[in-house]
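Just so you know, all these numbers are worked out from the coordinates, no wet-lab data involved. Keep in mind the model is a prediction, meaning the values are calculated, not measured. Methodologically, a virtual Cβ is constructed for each residue, glycine included, from the backbone with ideal geometry; neighbour enumeration extends over all protein chains shown.
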Amino acid sequence: MTGVSPVTVPPIVVLDEIDSTNAEARRRAEAGAVEPLWLVGLRQTAGRGRRGRAWETGEGNLAATLLFRTERPPAEAAQVSFVAALAVADLLARYVPSHLISLKWPNDPLLGGLKVSGILVESGASPFGGLWLAVGIGVNLKRKPIDAERPATAIATYLEAPPSPQEAAEVLAEAFERWLRTWDILGFRAIADAWTARAHGLGEPCVARLGHETVEGVAEALDADGALRLRLADGSLRRITAGDVFFGGA
Ligand code: BTN
């Protein structure tokens, strides 16, 4: 007995082909879906990534979106991306040695220092009050993408027989539910601490690309709200709330 009660996982709907599981989640939310639901696409024809980029879902990879409703205010609801990153880390840890797994701010799970997964959170006003959240997660199980902007990897690089998308979705959904519960009960500080324990590059110099500006500094820590604390060369502190960060080329 561990003393931890089992979690109830929302239903997982597996779709043979879909444009994007996030797009499908949005359609369902706007049509009035209320109950939490996982959507898994075995093939995505128009998968989307952060900052308007495309996301390729090679055959055998995981493309999944959790759709649910929250009463949290938007800025707080956005912290769900750290919950998602921790759930991906747990999924990876089921199949590869834990020391290979790290999390790059804001929400890039890495395997052996290379991108193995992407997280895209979308939201809107729910017709039932509060917000709907679509937490889209892509994980390279069997193949790394052909056209990745940056070097990428897949679980199959480390494991001859990676899990199927369906098996991975079940593991991910359960891990996600546990971290959601941690967030609800212990607050974001507990999520931030767990994320920090897996963080990639804290204490190291990095370049942050923020829309129209690029800043350089040392990534110090995760702030209480999920912002990255960047110490600039003049000693001042810059809080990064959105953008991409790069450490030594990664
Ligand atoms: C990133 O750019 O790193 C985020 C990629 C997010 C991809 C996932 S795959 C499942 C879900 N459906 C989408 O169209 N995108 C997300």
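Applying the criteria of a DSSP loop state and at most 15 other Cβ atoms within 10 Å to the chymotrypsin sites (Phe, Trp or Tyr not before Pro) of region 55-146 yields PHE128. Taking GluC sites (Glu not before Pro) across region 7-54, the ones in a DSSP loop with at most 12 further Cβ atoms lying within 10 angstrom of their Cβ are GLU17. With the convex hull drawn around the C-alpha atoms of region 131-171, the volume per residue stands at 104 Å³. Note on the chain: with a GNM built from Cα contacts shorter than 10 Å, the maximum mean-square fluctuation among LEU62, LEU180, LEU210 falls on LEU210.
When you filter the GluC sites (Glu not before Pro) in region 48-143 for DSSP loop state and at most 13 other Cβ atoms inside 10 Å of their Cβ, you are left with GLU59, GLU71.
The value of relative contact order for region 12-197, using C-alpha pairs under 8 Å at least six residues apart, is 24 percent.
Sorting VAL96, VAL116, VAL245 from the fewest to the most surrounding beta carbons within 10 angstrom yields VAL96, VAL245, VAL116. Here region 205-246 was treated as a single set of alpha-carbon atoms; its pair distances binned every 5 Å from 0 give 6, 27, 37, 23, 7, 0 percent.
Here the Kirkwood formula puts the hydrodynamic radius of the chain at 18.4 Å, using every distinct Cα pair. Spin-label model, GLU216 to ALA75: label points 7 Å out along the Cα-to-beta-carbon direction sit 3.1 nm apart.
In the elastic network of the chain, a GNM with C-alpha springs shorter than 10 Å, the most mobile of ALA63, ALA77, ALA154 is ALA77.
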